[in-house]
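Novice: Take a look at this one; I'll ask things after.
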Amino acid sequence: MSTQMMEQFNDCDWMPIMPMMGLGMLFMAMFWVLLLAGLVVAMKWLMGQGRTGQEESAVDILKKRYARGEINKQEFEERKRDLLS
């Protein structure tokens, strides 16, 4: 580059703005990271809405069926023995 071109390059008005451009890019990157993280958290929360804590064990379901009278004591004991063996 010639000296005259270098002087014109150094005299540009946009040169003091360069540090601000870097700061703007940093904020833009932070915005996208936070947006994506927020979307991930929101999706996890929405997917967990249908769940009710721990799932019931087979023995718990069997106990409920016995309590409702759907099965008798003999059937309850047989199935319980099968499940626990």
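Novice: Given the protein chains as shown and a 1.4 Å probe, how many square angstrom of Lys63 are accessible, to the nearest 10?
Specialist: 100 Å²
Novice: Straight-line reach from Lys80: which lysines have Cα under 28 Å away, leaving out those fewer than 8 places along the same chain?
Specialist: Partners within reach: Lys63, Lys64.
Novice: Given points 7 Å out from each Cα along the Cα-Cβ axis, report the Asp82 to Leu36 separation in nanometres with one decimal.
Specialist: Output for this residue pair reads 5.1 nm.
The values are calculated or read from the model by the stated rules, or taken from the named source; none is laboratory data. Model, not experiment: these values are computed from the prediction. Glycine also receives a Cβ, built like all others from the backbone with ideal geometry; neighbour counts cover every protein chain displayed. Just the protein is used for accessible areas: all its heavy atoms, side chains included, with ligands, DNA and RNA removed. Shrake-Rupley method; radii C 1.70, N 1.55, O 1.52, S 1.80 Å.
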